[in-house]
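First up is the structure itself, then whatever we jot down about it.
The values are calculated or read from the model by the stated rules, or taken from the named source; none is laboratory data. It should be emphasised that the depicted structure is a prediction, and the values quoted were computed from it without experimental measurement. Reconstructed Cβ throughout: ideal geometry from the backbone, glycine too, with neighbour counts over all protein chains shown.
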């Protein structure tokens, strides 16, 4: 390669950096509206690869027809401009997702999701053109073609490696999602303009300087603002794990929702103990094994502390360990949900890692780790429940929140069947006001009549209300269903099928 190819090789590196950086930023752009499940990631990665494939093919043919450096620089400049305006063009498509999810309109949601991803076709396809084009420009002798191609692909791949880490550890935190797109855009435009000037095309460079000015002006006029509007919005928080919203509803409840906002992860009113939600049912879980009040609680999926607060108010200041993956959710709970009980120890950790690496035993282990509509698969398996069993006292219980539709209990049945592989007695309680079932498993063999007798002795008024509610649907889990293991736990596929059938009215 000629020594004056330094700019060309720098741009190859920068384009590889931008491809992966934009892919990472795409997930952040879509997360508030569609979440970041494995399905979303599969679509993002798959479409990006399709666009790159198209770019590789077109770039090679384009380079053979017009093997000039200035043509490559123009391609990079247009790609940079497209990246810069992408988050602004995506807004109307993303806003369609809000009514789609609220109304469960699968067609509208599909248009919103696909429309957003189609916007990536131009910049990613153009960036895919860069490597074959650069190889064509840099190859002076067929005897060194292999070394030339190897150098180009090594630089591009090295850039992509950095493009994975830089957004996560630096750019998202420093500039936000839209600012990250703008940063990649400006870098590509500046590099391309330098190349065009180096080729002596001053007038043409001025045209691309105008595009750069448009991006800079857009970024300057963008005050950040609200990413996803919602009635009663108190605050929005973007963390490495979630897009978080705190909302005040008209009835006086403060609510926590994450990502696409299909459900609430926490609810708080200073003058209420009960929420009329699934959190209330966790209060009666210990009485499947004992009439006595629980002496300790491990809560996997602390969120903003709704269940922890209820346990403290009903059972007193018992020791509570609350495990929450996202430190930003813990901070939001402490700031906006009065999650400041001195008996609560909030721990930022993965629930599976916590039970496998920490000591301690508990009367109750409550698992409420939904990231709607999904449960992390590693918190649903036989191996996980065996690990939780080791942390139970002799009168211990495990309680798991699971969702269902009015007619489809397959997820509930699968979790119950999995728990029955580990525990001798498993029970189900449907919540009357939501599509949730609480699954309770006891370490020692128990009977449903034991539960009824235990809650009949309850003196706390709130506990009695929940017990009366639960008595209407409490039943022994007897259904057979596939058992989830670490090797095979098709939780996402099962949930997708449940949602699909529900959307079709089946």
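Here is how the numbers come out for the structure above:
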| read-out | value |
| --- | --- |
| Filter result (surrounded by fewer than 16 Cβ atoms within 10 Å (Cβ to Cβ) and touching a helix residue (DSSP H, G or I) at 6+ places or on another chain (Cβ under 8 Å)) within segment 212-228 | 214, 216, 222, 224 |
| Out of 58, 47, 29, 54, sole residue that is in contact (Cβ under 8 Å) with a residue 24 or more places away in the chain, assigned to a helix (DSSP H, G or I), surrounded by fewer than 17 Cβ atoms within 10 Å (Cβ to Cβ) and touching a helix residue (DSSP H, G or I) at 6+ places or on another chain (Cβ under 7 Å) | 54 |
| Residue 399 vs. criteria in contact with a strand residue (DSSP E or B) (Cβ under 7 Å, 6 or more places away or on another chain), more than 15 Å from residue 473 (Cα to Cα) and not in a loop (DSSP other than H, G, I, E, B) | yes |
| Check on residue 422, part of a loop (DSSP other than H, G, I, E, B), at pLDDT 95 or above and either in the same structural domain as residue 313 (by TED's automatic domain parsing) or under 27 Å from residue 320 (Cα atoms) (or both) | yes |
| Qualifying residue in segment 231-238 (condition: under 25 Å from the mean Cα position of the chain (by Cα) and either on the phi > 0 side of the Ramachandran plot or outside any strand (DSSP E or B) (or both)) | yes |
| Which listed residue, of 255, 206, is surrounded by 15 or more Cβ atoms within 10 Å (Cβ to Cβ) and farther than 21 Å from residue 94 by Cβ | 255 |
| Every residue from segment 325-349 that is closer than 22 Å to residue 393 by Cα and either in contact with a helix residue (DSSP H, G or I) (Cβ under 9 Å, 6 or more places away or on another chain) or crowded, with 22+ Cβ neighbours inside 10 Å (or both) | 343, 344, 346, 347 |
| Output for segment 294-309, where each listed residue is touching a residue at least 60 places away in the same chain (Cβ under 8 Å) and closer than 18 Å to residue 340 by Cβ | 297, 299, 303, 307 |
| Filter result for the condition that a residue is out of contact with any strand residue (DSSP E or B) (no Cβ under 9 Å at 6 or more places or on another chain), assigned by TED's automatic domain parsing to the domain that holds residue 379, surrounded by fewer than 19 Cβ atoms within 10 Å (Cβ to Cβ) and under 23 Å from residue 387 (Cα atoms), over 497, 460, 449, 486 | 486 |
| Boolean, residue 230 is within 22 Å of residue 87 (Cβ to Cβ) and outside the structural domain of residue 85 (by TED's automatic domain parsing) | yes |
| Qualifying residue in segment 188-207 (condition: under 23 Å from residue 30 (Cβ atoms), in a helix (DSSP H, G or I) and touching a residue at least 40 places away in the same chain (Cβ under 8 Å)) | yes |
| Criterion (farther than 14 Å from residue 280 by Cβ and either in contact (Cβ under 8 Å) with a residue 24 or more places away in the chain or surrounded by 13 or more Cβ atoms within 10 Å (Cβ to Cβ) (or both)) met by exactly one of 455, 491 | 491 |
| Only listed residue being under 18 Å from residue 350 (Cα atoms), within 28 Å of the chain's Cα centre (by Cα) and modelled with pLDDT of 95 or more, chosen from 310, 304 | 304 |
| Qualifying residue in segment 380-390 (condition: crowded, with 18+ Cβ neighbours inside 10 Å, in a strand (DSSP E or B) and modelled with pLDDT of 95 or more) | no |
| Some residue of segment 360-376 being out of contact with any strand residue (DSSP E or B) (no Cβ under 8 Å at 6 or more places or on another chain), more than 24 Å from residue 328 (Cβ to Cβ), in a loop (DSSP other than H, G, I, E, B) and not assigned by TED's automatic domain parsing to the domain that holds residue 31 | no |
| Residue among 416, 435, 477 that is within 32 Å of the chain's Cα centre (by Cα), crowded, with 20+ Cβ neighbours inside 10 Å and under 19 Å from residue 301 (Cβ atoms) | 416 |
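Results for (1) modelled with pLDDT under 95; (2) under 30 Å from residue 242 (Cα atoms), shown as yes or no for each residue.
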| residue | (1), (2) |
| --- | --- |
| 113 | yes, yes |
| 116 | yes, yes |
| 119 | yes, yes |
| 126 | no, no |
| 142 | yes, no |
| 151 | yes, no |
| 155 | no, no |
| 159 | no, yes |
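Rundown of residues vs (1) in a helix (DSSP H, G or I); (2) under 22 Å from residue 370 (Cβ atoms), yes/no style:
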| site | (1), (2) |
| --- | --- |
| 281 | yes, yes |
| 284 | yes, yes |
| 290 | no, no |
| 293 | no, no |
| 303 | no, yes |
| 309 | yes, yes |
| 328 | yes, yes |
